[in-house]
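The structure under discussion appears below in the form of structure tokens.
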Amino acid sequence: MKTAELLARLSARHPGETEYLQAVGEVMHSVEHIYDEHPEFEALAIAERLVEPDRVYTFKVPWVDDKGRVQVNTGYRVQFNNAIGPYKGGLRFHASVNLSILKFLGFEQIFKNALTTLPLGGAKGGSDFSPKGKSDGEIMRFCQAFMTELWRYIGPETDVPAGDIGVGSREIGYLYGMYRKLAHENTGVLTGKGMTYGGSLIRPEATGFGAVYFTERMLADGGDTLEGKRIAVSGFGNVAWGVALKATELGAKVITLSGPDGYVSVPEGLSREMIDYMPELRATNNDVIAPFADAFPSEASFMAGRKPWEVACDIAMPCATQNELDGVDAALLVENGMRYAAEVSNMGCTPEAIEVFAQHRIPYGPGKAVNAGGVATSGLEMSQNAMKLNWTAAEVDARLREIMGAIHASCVEYGTGADGFINYMNGANIAGFMKVARSMVEQGVL
Ligand code: 2IT
């Protein structure tokens, strides 16, 4: 593969789409050697076809706020690739959302979904709507307005959205209600649904639990366990909550959480009471972590405007957003003794950070493998909806564990170097890519 040429052409065609170009660059560099061993890939222009989304929907979302003012946001759905299954991926509601971010997320989703072992294609969507400071009524009206456009493009066998940043069970409920009304049908068209209308047990916990199951296996590869390990976590949303719950249960200490305003340090590790407080703080819709330290003044201290990567820890688990851990942060973490990096946010580490990990031979689990338990459990929700039955929490959790084990095995199979060092990023990219590329080859030029 002429990777440099491909990337140059792509950046000329999509100037300024930095996150998208970053995500494509990472995957293409990982797969170029394998690609060249398969002349049929080059002949069928698999790379050129894979890097462009199948289609992108953009639409206007007008809605009325509590003061009676008309607001206008932009809505998107990027349907990236459905070679192995229906389009699948979350919706992000955040002020930063733009086409570049949704294309990077949709592109990553293709390979992540392929890794889950389930038949799921890649997509992503969302809006630049910011839920921060909005009332429940405003959120409902926005979700309803968003769905009046989106519903034409999705369906239980074609494209199944879910949550992401800013879209949790409340938003999924409002979105699902409007879809049901417009389409006149009750189907598994969204995942992350509430338990009263077709949701799956363990879906709320799945991204965080899956991330800890994967991390446990990374440690086992190094002859290590989670017992007594200090974990620096960023974010304080659904994903950070699931990580904190499972990691603490397995004997680790979660010693930080963070928000856009700074981080909290909890040297003795989060207690169950603190973990239970996380969803409460999230529900205030203010997107700040400072009140956490006010709620637990003797155990937690707030560091305004700083990132958690300055604390000494054994494991770093970024759980907030893309590019939240850069080269400087990575160097500081390594200097302070960090031994494993398990990225839970999508593309949470910059290329420079990944380079620092590689230089110091720090095992690094990429987001598309570590956080795949979320979408995998969405796939399990789809299966339950199709069969019109519900599995028990224990059954879903057992399947999630099995899937995370399979993802880890793929990373090891494709990522172990001649010297025995496991490059989980290359492994994940190659394993995901090979499945999608083979499926595209078998199905012809489309
Ligand atoms: O990034 C992700 O994998 C998600 N936000 C979950 C997607 C899904 O369809 O459950």
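Among what's in segment 140-166 and is among the charged types (D, E, K, R) and away from the ligand (no atom under 12 Å from the Cβ), pick the residue that is nearest to the chain's Cα centre (by Cα).
E157
Conditions first: (1) more than 16 Å from the ligand (Cβ to nearest atom); (2) among the small types (G, A, S); (3) buried (at least 17 other Cβ atoms within 10 Å of the Cβ). G432 passes all but one, so which condition is the exception?
(1)
If the Cβ limit is 8 Å and pairs must be 6+ apart or interchain, which residue in segment 149-160 that is farther than 13 Å from L190 by Cβ and assigned to a strand (DSSP E or B) pairs with which residue that is modelled with pLDDT under 95 and within 14 Å of the ligand (Cβ to nearest atom)?
Correct list of pairs: empty, since none qualify.
Looking only at segment 44-81, count how many residues are free of Cβ contacts under 8 Å to residues at least 60 places away in the same chain, under 27 Å from R9 (Cα atoms) and not aliphatic (A, V, I, L, M).
So the answer is 8.
For segment 258-289, how many residues meet the condition of being in contact with a Ser or Thr (Cβ under 8 Å, 6 or more places away or on another chain) and among the charged types (D, E, K, R)?
Total satisfying the criteria: 1.
I'd like the full set of residues that are of a type in the set (A, V, I, L, M) and more than 9 Å from the ligand (Cβ to nearest atom), limited to segment 355-381.
Residues satisfying the conditions are V356, A358, I362, A369, V370, L380.
Of the residues that make up segment 409-418, is at least one surrounded by fewer than 17 Cβ atoms within 10 Å (Cβ to Cβ), among the small types (G, A, S) and over 22 Å from G121 (Cα atoms)?
Yes, the conditions are met somewhere in segment 409-418.
I'd like to know if segment 173-181 contains one or more residues that are in contact (Cβ under 8 Å) with a residue 60 or more places away in the chain and small (G, A, S).
No.
Can you tell me which residue in segment 70-113 is farthest from the ligand (Cβ to nearest atom), limited to those that are among the hydroxyl-bearing types (S, T, Y) and over 25 Å from A428 (Cα atoms)?
Step by step, filter segment 70-113, then rank; the result is T74.
What are the residues in segment 13-55 that are within 20 Å of A431 (Cα to Cα) and exposed (fewer than 13 other Cβ atoms within 10 Å of the Cβ), if any?
Matches in segment 13-55: H33, D36, E37, P39, E40, A45.
Suppose we keep only residues that are buried (at least 23 other Cβ atoms within 10 Å of the Cβ) and polar (S, T, N, Q) within segment 167-225. Which one would you say is nearest to the chain's Cα centre (by Cα)?
Ranking the candidates gives T207 first.
The values are calculated or read from the model by the stated rules, or taken from the named source; none is laboratory data. The structure displayed is predicted, hence computed values, not measured ones. So basically every Cβ, Gly included, is an ideal-geometry build from the backbone, and we count neighbours across all protein chains shown.
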